[in-house]
1. Can you list, bin by bin at 5 Å, the percent of alpha carbon pairs in the stretch A:1-123, starting at 0?
2. Stick to the Cα atoms of the stretch B:66-151, pair each with every other, and give me the Kirkwood hydrodynamic radius in Å at one decimal.
3. Hey, what angle do you get for helix B:109-118 against the long axis of chain B, alpha-carbon based, 0 to 90 degrees rounded to 10?
4. In the stretch B:1-63, what percent of the accessible surface is made up of carbon and sulfur (1.4 Å probe, ligands and nucleic acids excluded)?
5. How many partner chain Cβ atoms sit within 10 Å of a residue's Cβ in peptide B:218-228, on average, as a whole number?
6. Would you give the gap between the C-alpha center of the stretch B:251-302 and the C-alpha center of the stretch A:75-99, rounded to a whole Å?
7. How tilted is helix B:2-19 with respect to the longest principal axis of chain B? Cα atoms for both, answer in degrees (0 to 90, nearest 10).
8. Kirkwood hydrodynamic radius, the protein assembly as shown, all distinct C-alpha pairs: what's the number in Å?
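The values are calculated or read from the model by the stated rules, or taken from the named source; none is laboratory data. Note that this is a predicted model, so its numbers are computed, not measured. Positions of Cβ are backbone-derived with ideal geometry, glycine not excepted, and every protein chain shown enters the neighbour counts. These accessible areas exclude ligands, DNA and RNA; they are computed on the full protein's heavy atoms, side chains included. Shrake-Rupley method; radii C 1.70, N 1.55, O 1.52, S 1.80 Å.
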Amino acid sequence: MILFENISKIYKPDTVALKNVSFQINPNEFVSIVGKSGAGKTTLIKLLLREEPPTTGRIVYAGKNIAEIKNKDLPLFRQKIGCVFQDYRLLPHKTVFENVAYAMELMGATDDEILSDVPRLLEIVGLEDRAKHFPLGLSGGEKQRTAIARALAVRPEVIIADEPTGNLDPYHTRDIIKLLEKIYELGTTVILSTHDKVIINSLGRRVITLDNGEIIRDEEKGRFIL
Amino acid sequence: MFTFLRRVIRFGWHNFWRAGGLNIATVFVLIVTLTLITCLFISEGAVNHIMDQIKEKIDISVYMTPDTSDEEIELIKNKLVAMPEVQEVKIVSKEDAMNQFREKHQNDPVLLESLDIVGTNPFYASLDIKAKNPEQYAAILEVINSDSLKDVVYKVDYVEKKTVIEKLSGFITNVNTGGLALALALGVVAVLVAFNTIRVAIYDASKEISIMRLVGASNSFIRGPFIVQGIISGAIAALASFIILLLMTYFLAPKIESLTSGFNVFSWFISRAFGLFFLQLVSGIALGVISSLIAIRKYLTA
């Protein structure tokens, strides 16, 4: 489904973020990418979303080199991948309902679909009573659950979660990870980037470990060892 | 397509009211810009009125020799009236000239008494000639000074008026050119200020734009609401500017009328109200939309 082939990323003048990275992620897989800060986790995600181009190598998504996707088709490509970030990246002037609905609106969903799907998604993430609140009035955990609901709204093939629990307390962290597992069990591929040892060790799923831009370990049912 | 347009308009409308302060700043700058540009039109109207008033007061007086008969004067008048440069020719007979003199100096008994002492009418019959444009007096003068009229023309007072006429012609040309240059310069400054204000407003939304792109919004879906915001800002600014100018011209009309020898700015404004409002609306919307399009462009590169 996703193939990273000899990917390197060098930022000018000579900062090496990724060094000859190769791996494959299969459909309906839960993969964690771990590493210290600066190991290259976020760069890897940026390259997959085609926010930036790799310096060398190619990334293949569903059989297609993403570098060949035309700019006008990029929004459609990004709609296939749901994203959840440490800083939530919610639209501050929209309510919880509107943030989730926005993702559906840009896909061209009808008003009826939005009115039936958004409450259902908010129910899945446990925010049905917060629909009319703005992000500023939500706790960190609620913001992250809104972001997850928004990511799910486009019915993505893959969910990428970049340090989704970085700003959360242990209680909310457990909550969010449970939610991601639930999404995975419903048939969506999940890529989780984190440096939280407790989370990784409790998951017992595939772990790719990055260090200084290189893959030093790729194990099924891996553990956080650095 | 309809759903897309409806959503873009809704987002634009909501964003406009939610963004608050920056939109107020944008609308305010647009109001100032539109008011300034419209004021330039109004001042051009006032200048034209003053010029017309001055032009009205310029003429050439051609004094005829005492032997010239009324028929000859009439013939010369007809000849001048036939010229394309001439707007009007008026015959002032000897009697008219004396009556005008008496009327003008009715409070000066010494002068009137001296006229009585002379016993005869010392005034000359004359032709008061008005050209269509001050620049055309030279052509009229050429005919008056021609050999055919040499014997009947006693004196032409153009020489005395010549300097004033030339200065006025130059002044009119300079005022028109200077006014146009000033209007253009102020217009450019106003447009740049408006553009920068909108750019700051869009810069403020840059983080939001990056989120929209990440979620998979197409460029037109992101750009659309900002265009709608530009349209709303422009339309509100045009309406506000129109109302401000309406009130301004109403309250300042008496003062301006006395300063400009009869230019009623309120009547001028009302008689062109529809055209001016349309111009303000189109300019305001164009300014808002074009500035938004240019400012947002750099955030939409893939």
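1. Whole-percent P(r) values from 0 Å outward: 2, 9, 16, 19, 17, 15, 12, 7, 3, 1, 0.
2. Taking every pair of different Cα atoms in the stretch B:66-151, averaging 1/r and inverting gives 14.7 Å.
3. For B:109-118 against chain B, the angle is about 40 degrees.
4. 72
5. For peptide B:218-228, the averaged partner shielding equals 2.
6. 41
7. Roughly 80 degrees, rounded to the nearest 10.
8. 30.2
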